[in-house]
Every structure is written in C-alpha cells, then in structure tokens.
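Since every read-out is calculated from the coordinates, none of them should be taken as a lab result. Predicted, not measured: the structure shown is a model, and the values here were computed from it. Cβ atoms come from the backbone with ideal geometry, glycine included; neighbour counts cover every protein chain shown.
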Amino acid sequence: MKSSFRHTVGIYELDIYGHANHVQYLHWLEEGRERLLRGKGLSFVKLGESDRRLVIVNVSLDYKSAVRAGEEIDVESIIDSVGRTSVRFGHRILGLGGETVLDGSVTMVFVDSGGRPVGVPEDFRKAFGVPSGKS
C-alpha cells in the first residue's frame with residue numbers, strides 16, 4: 001500500500017537560502033507515515049496509547065533537488081519491510097514534473113513502555129498483509 005499527498009511549500013518552511021529547510025522534509029515524511037497508518041485504521045496516537053510504541057532508530061535521506069515557496073510536491077510513503085521488531089518506511093518526494101526531489105527511508109522499532117524492543121503487533125502485520133513472524 002502507498003500513501004501519497006500533495007503539499008505546497010510555505011514561506012515559513014524556507015531557510016536563509018530561499019529553499020525548504022532540510023528539517024521540513026522530515027515533517028513531510030512523518031505526515032506521510034501517519035497517513036499510511038491511518039489508511040489502515042492505525043495511527044501513531046493509537047500505538048502510543050497501547051503497550052507497544054514505534055520509535056525512530058534510523059533516518060536516511062538523499063536530497064536530489066531544492067524546493068522553494070509556492071512549489072507543489074507529492075510525498076509518497078510505503079512500507080518497505082517488516083522485521084521481527086522493526087518497520088522500514090520508504091519515502092519519495094516528487095516535483096509536479098515527476099522529478100525526484102528526495103529519496104529516503106525511516107526505520108522504526110516497536111518498544112514497550114520501558115523502551116525495550118518487542119515484536120511487531122499482529123494487528124499491524126495483518127493491516128499491511130505481512131505474515132506472522134516474517135519480514
């Protein structure tokens with residue numbers, strides 16, 4: 001399953017060089033992950049209220065080109081892989097001409113309230129069609 005949304009870059013998202021500040025990309029990717037989960041009846045809020053939470057353990061971003069205020073971008077998010085305790089989200093940001101602005105991935109691990117890694121919940125696996133105990 002893929003989640004996609006269109007965003008218009010706001011002037012408040014720019015850095016001193018006139019293009020989107022690098023941290024804004026992380027915000028857009030987080031929104032993409034949240035939309036992906038909500039599309040399956042899940043959310044970070046619901047997960048946070050349970051005994052299993054998703055925390056980020058790795059972020060990899062490959063910036064291809066800059067975007068400026070007023071430009072529209074498409075943010076795409078997918079689940080690349082599901083391990084025993086982890087989920088890797090794949091992300092791509094495209095300009096309206098189809099050019100890749102950013103490729104990236106975010107790896108998250110399910111943890112208990114004490115911060116210890118725990119298995120990916122069955123409802124999460126079912127929602128994304130991943131068999132139990134398989135990646």
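Things to note:
- The stretch 2-127, dipole about Cα centre (Lys/Arg Cβ +1, Asp/Glu Cβ -1), debye to the nearest 20: 520 debye
- The chain: angle of helix 22-38 to the longest principal axis, Cα-based, in degrees nearest 10: 40 degrees
- MRE, 222 nm, helices only [DSSP H, n ≥ 4, -39500 (n - 2.57), over the chain, to nearest 500]: -6000 deg cm²/dmol
- Relative packing of 87-97, 54-64, which averages over residues the other C-beta atoms within 10 Å, highest first: 87-97, 54-64
- Cα→Cβ-extended label distance, 7 Å offset, between Leu61 and Asp123, nm: 3.1 nm
- Cβ-based net charge around Ile93, under 15 Å, with every Lys or Arg adding one and every Asp or Glu removing one: -3
- Neighbourhood charge, 11 Å Cβ-Cβ cut-off, centred on His22 and excluding it, Lys, Arg +1 and Asp, Glu -1: -2
- Ascending count of other beta-carbon atoms within 10 Å, so fewest first, for Phe124, Phe5: Phe5, Phe124
- Residue among Val67, Val109, Val23 with the largest mean-square fluctuation in a Gaussian network model of the chain, springs linking Cα atoms under 10 Å: Val23
- Within the listed set Gly18, Gly114, Gly48, the Gaussian network model of the chain (springs between alpha-carbon atoms below 10 Å) gives the highest mean-square fluctuation for Gly114.
- Taking every C-alpha pair closer than 8 Å and separated by at least 6 residues, the mean separation divided by the residue count of the chain gives a relative contact order of 28 percent.
- Packing-based exposure ordering (other Cβ within 10 Å, fewest first) of Thr100, Thr85: Thr100, Thr85
- Counting beta carbons within 10 Å around each of Leu102, Leu42 and listing the fewest first gives the order Leu42, Leu102.
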